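Worksheet for the structure shown next.
Here, each number is a calculation from the coordinates, and none is a lab measurement. Worth saying up front: this structure is predicted, and the values here are computed from it rather than measured. Please note: Cβ atoms are built from the backbone with ideal geometry, for glycine as well, and neighbour counts cover all protein chains shown.
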Amino acid sequence: PAWVSLVTHSLPYFGKSLGWTVTPFIVQICKNLDELVKQYESESVKLSISLTSKRENISPDYPLTLLEGLTTISHFCLLEQPNQNKKTTAVSDPTSLKNAKNAILEELPRIVNTMALLWNVLRKEETHKRPVDLLGATKGSSSVYFKTTKTIRQKILDFLNPLTAHLGVQLTAAVATVWSRKKLKRLSKMKIVPAASASQLTLVDLICALSTLQTDTVLHLAKEVVKRPPQIRGDEKAPLVDIPVLQFCYAFVQRLPVTALQENFPSLLGVLKESVQLNLAPPGYFLLLSMLNDFVTRTPNLESKKDQKDLQEVTQKILEAVGSIAGSSLEQTSWLSRNLEVKAQPQISLEESDAEEDLCDTTATASAMVSASAPSVYSVQALSLLAEVLASLLDMVYRSDEKEKAVPLISRLLYYVFPYLRNHSAYNAPSFRAGAQLLSSLSGYAYTKRAWKKEVLELFLDPAFFQMDTCCAHWKSIIDHLLTHEKTMFKDLMNMQSSSLKLFSSFEQKAMLLKRQAFAVFSGELDQYHLYLPLIQERLTDNLRVGQTSIVAAQMFLFFRVLLLRISPQHLTSLWPIMVSELIQIFIQLEEDLRDDDESLRNSNKINRMKVSVADGNGPSVGEIPPSELVLYLSACKFLDTALSFPPDKMPLFQIYRWAFVPEVDTEGPAFLSDLEESHQECKPHTVRILELLKLKYGKLAVLMRSP
């Protein structure tokens, strides 16, 4: 306290030494306050009495003394003092005051950080006291220095409030600098814009508590910092603060009530409109889109047509900026060509990326990064963010009579999406999944179909369509929306000739057409296509009439499985004879294949029997079933398994045929064998006969394959 008193009373007399005298003194004040906070946190955890006894020589009002000294020194150097003694050297020398002001402004982030730490302690103290006070009791603080929370709070506000009038931009930049040093909270690895941490939210609380900063003022200051971000010393890399100030602004907007959001729409619009025109790093545009989406989601439609038009314009600009980032992993197929293809390079999925580190690293190099040359590491994040917000955002920004205005914008955005969906390479999997999710969300709105209908149909008929991993659910939704919006599309698909698929053989064409028709039915809801059953049955019988290969038959059984899942049993009455007869024929064929070379296999030893199943590289070995036939048999078994999975009351017609395929009792038990001997029953279920042939042909190998 004595040193604080000495320096504060000596301020008018420092002259040219003002700046380099008071600046380290202010830094030391901040260090001492930070130390008090550390002691408070350690006491709150350990509740140590010995630590308190060692500091009995320090007055309990010590933090108040430090805050008063910090306020006096800072205000003297930073603010104009009309009542200063004009005879003093400091006042007569404006250069000294200017140098001192610049020196203290360089330490402003450190000062703001200390104020935030103190503010957090005050919040904790008030939280602990509040429930006790309601009971009429008193509870002392764990620290003697923070008992007078109201007084300390007022001292902090008295220090910061006067700075906002003339130094609002510098204060906001200092807040952004402190924000960038705090760690972001990662709720999920899939979160593209990480949520603010508790320490960062404390900064928001501190700024909201300043009476001189209204909501529109905070948004205006944030806009000015983004437009001309100052480089504040204190960090070795001297980073720009444009991204951190947008992060702060987003957290600030999120905590505003709906009424405040509506009242301050012009100010928020100014932040979005000015920022989107700058060369921000990709996370900056993600933040702008998140802010825009937060506003649109939480507020009703704007009454003013001008405001609605302004909102549509800024929405278009922000979405186009994010769209260009989404296309950063694409390149032109050739010079002067508008066609794009995916760069043959690894892509980082959201599960592998750390958005927290990306945002911090981006802050340090933001000046060298622009949207047009955004690194491809952000392309997957941009696609995922668009998939998350685009469809609902456009639906709310454009009213019911304005939906068509959004179609050209959607077409421009999908220009960057379809190249990812045409590429089925492993390295493109993250973008393929994100692009499918985006298209799935968009296709749910009927007015958007003009922007994607033609390309989606081409992708559906592409030979590589089924080369996908976990995004099958998204494509199921896309195809369902395509067939729902276009009433005649399903009928056209069922009547489609297999020659329309560009495959190598007619058999492949028929098989792939059947698979697509099955996928179309599978994409719909239960009984959505039951009125088309006569047409479906006609197409299936056409395949049976002209004869089929194993590859076509395999897809036909796939179609049968889909019909069981998507058509109610009462509508399948006419199809069961066809499905059962085909299944019986396939099982008979399998039994015949297993009997081939049966005599030679019986005479061979166990080792030879096991080697039969291994091909020599020149095609199937003696007694081995060709791969195409194995695929057919597997498809037939899957169909039988699906039928057996239904409860008997859900699939009553199948119960008539069930006995022909599976036994009703345990076939391995002695009771079953003795019953067969006594009744001389010769009819065995197909699965029992096939299992016996497998055991006969492959010996113990079949038993091992069959065991759990």
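Summing +1 for each Lys or Arg and -1 for each Asp or Glu among the other residues whose beta-carbon sits under 12 angstrom from that of D395 gives +1. Amide H contacts under 5 Å for A195: K185, L187, restricted to partners 5 or more places along the chain or on a different chain, H placed in the peptide plane at 1.01 Å from N. Return, ordered by residue number, the residues of region 553-581 whose backbone nitrogen is under 18 Å from a label point located 7 Å along Cα→Cβ of F507. It comes to 553-558, nothing else.
Judged by the ratio a/c of the largest to the smallest principal axis of the C-alpha gyration tensor, region 203-292 counts as oblate, that ratio being 1.5 or greater while a/b is no larger than b/c. Taking 0.36 nm per residue of separation and subtracting the current Cα-Cα distance, fully stretching the chain between T573 and K227 would add 117.5 nm. Placing a pseudo-label 7 Å from each Cα along the Cα-to-Cβ vector at S425 and T333 gives an inter-label distance of 1.5 nm. Apply 1/(1 + (r/R0)^6) to the Cβ-Cβ distance of R399 and R450, taking R0 = 22 Å, and write down the FRET efficiency to the nearest 0.05. Here the calculated transfer efficiency is 0.75.
Take the alpha carbon gyration tensor of region 194-347, find the square roots of its eigenvalues, order them as a ≥ b ≥ c, and report rounded if a/c is under 1.5; if not, report prolate when a/b exceeds b/c, else oblate.
oblate
For region 396-525, averaging the sequence separation of C-alpha pairs within contact (under 8 Å, six or more residues apart) and dividing by the residue count gives a relative contact order of 23 percent.
Within the shell defined by Cβ-Cβ distances under 14 Å, the residues around L167 carry a net charge of -2, with Lys and Arg each +1 and Asp and Glu each -1.
Each of W20 and K476 was given a label point 7 Å from its Cα along the Cα-to-Cβ line. The distance between the two points is 7.4 nm. Three principal axis extents describe the C-alpha atoms of region 457-559; from largest down they are 34, 30, 21 Å. Inter-part distance, region 144-180 to region 422-465, computed on C-alpha centroids, equals 51 Å. Relative contact order of region 418-479: 42 percent, from C-alpha pairs under 8 Å at least 6 residues apart in sequence.
Extension gain, K98 to A660: 0.36 nm times the residue separation minus the Cα-Cα distance gives 192.5 nm.
Amide H contacts of L330: K343, each under 5 Å away and 5 or more positions distant or on a separate chain (H built 1.01 Å from N in the peptide plane; Pro and chain starts excluded). Here the average projected area of the convex hull drawn through the C-alpha atoms of region 367-490 stands at 8.6 nm². In terms of the Cα gyration tensor, with a ≥ b ≥ c the square roots of its eigenvalues, is region 441-496 rounded because a/c is under 1.5, prolate because a/b exceeds b/c, or oblate? Taking the square roots of the gyration eigenvalues as a ≥ b ≥ c, region 441-496 is oblate.
Given a Förster distance of 35 Å, report the FRET efficiency between W3 and H128 from their Cβ-Cβ distance, rounded to the nearest 0.05.
Numbers: r = 32 Å, r/R0 = 0.93.
After rounding, the FRET efficiency stands at 0.60.
FRET efficiency for the pair A165 and E341, taken as 1/(1 + (r/R0)^6) with r the Cβ-Cβ distance and R0 = 56 Å, rounds to 0.50. In a fully extended conformation the segment linking T541 and R298 would gain 82.0 nm over its present Cα-Cα distance, using 0.36 nm per residue.
The modelled label-to-label distance between T149 and K650, using points 7 Å beyond Cα along the C-beta direction, is 5.7 nm.
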